[in-house]
Every structure is written in C-alpha cells, then in structure tokens.
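The values are calculated or read from the model by the stated rules, or taken from the named source; none is laboratory data. Given the structure is predicted, the values throughout are model-derived calculations rather than measurements. Please note: Cβ atoms are built from the backbone with ideal geometry, for glycine as well, and neighbour counts cover all protein chains shown.
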Amino acid sequence: MNPLILKFIKFSLVGFSGLFVDFGITWWLKERMKVQKYLANAAGFIIAASTNYTLNRIWTFESNNPHIATEYARFVIAVTIGLGINSLVLWLLVSKVKWNFYLSKLIAITITTFWNFGASVLFAFR
C-alpha cells in the first residue's frame, strides 16, 4: 500500500477518535455549561487537536523528532489555521444556510481533516 495512503488512513482513524473528543467537549460546554456555541466549538476543536497531535506523533507519523516543542508548535499553527477554516465553514452553514449546528459541525470537521492532513505531512511532521 502507498505509504501516504496508509498515513492518511491512520490520520483519519486518529481524527475519528478526535471527533468524539471534539463533539463531547463541544456538547458538554454548549449544552451543560451554556458556553457560547462558537467558543464551545473552538474549545472542543483545540482539545481534540492536542490529543490528535500525541496519537499522530506516535502512531501515524512515528516521529522521532527530538524537538517536540517545535513539532507541536508547527502542529498547533496548522490546526489553528484549520480551526479558522472549521469555524468559517460552521458559521456559513449555520448562519447563512441555516443548517443544524451539529450537521454543520460534521461537515466542517470533514473539510478541515483534508487541510490538517496536508499541513501535517508538509509542515508539522516533515
């Protein structure tokens, strides 16, 4: 199997686990803690991104980079841009298209996955 495809599959599986973290944190903050929905979305996304970094470092990219802080910073930069993409798509679908918040969030996560994978391969874990 093509190594890049295998990495994408692993990245997607890690991302799928992050989906549960993201949705769980977002739901808990929005529904239970009554945090504003876009702030809850950002918090869920950032917490999931941090757990995803760890899993991707160990399993997907098998990184041995001794400069973990630099690698993590690159990953954070990439996913912060991803957060912007995620939030823009979410805002457009909820506010302009009037779609359900959670369906819109699922679509935003899907789009952001492709950005995050490319940025991880070319920037964070290079």
Leading residue by the ranking (nearest to residue 8 (Cα to Cα)) among those in the range 108-126 that are modelled with pLDDT of 95 or more and aliphatic (A, V, I, L, M): 121
Any hit, the range 62-77, residues being crowded, with 20+ Cβ neighbours inside 10 Å, at negative phi, hydroxyl-bearing (Ser, Thr, Tyr) and at pLDDT 95 or above: no
Matching residues in the range 20-41 - criterion: being in contact (Cβ under 8 Å) with a residue 24 or more places away in the chain and surrounded by 18 or more Cβ atoms within 10 Å (Cβ to Cβ): 22, 26, 41
The range 82-121, residues that are touching a Leu at 6+ places or on another chain (Cβ under 7 Å) and assigned to a helix (DSSP H, G or I): 104, 105, 107, 108, 109
From 50, 63, residue being within 10 Å of the chain's Cα centre (by Cα) and polar (S, T, N, Q): 50
Pick from the range 81-100, criterion closer than 20 Å to residue 28 by Cα and modelled with pLDDT under 95, ranking: surrounded by the fewest Cβ atoms within 10 Å (Cβ to Cβ): 87
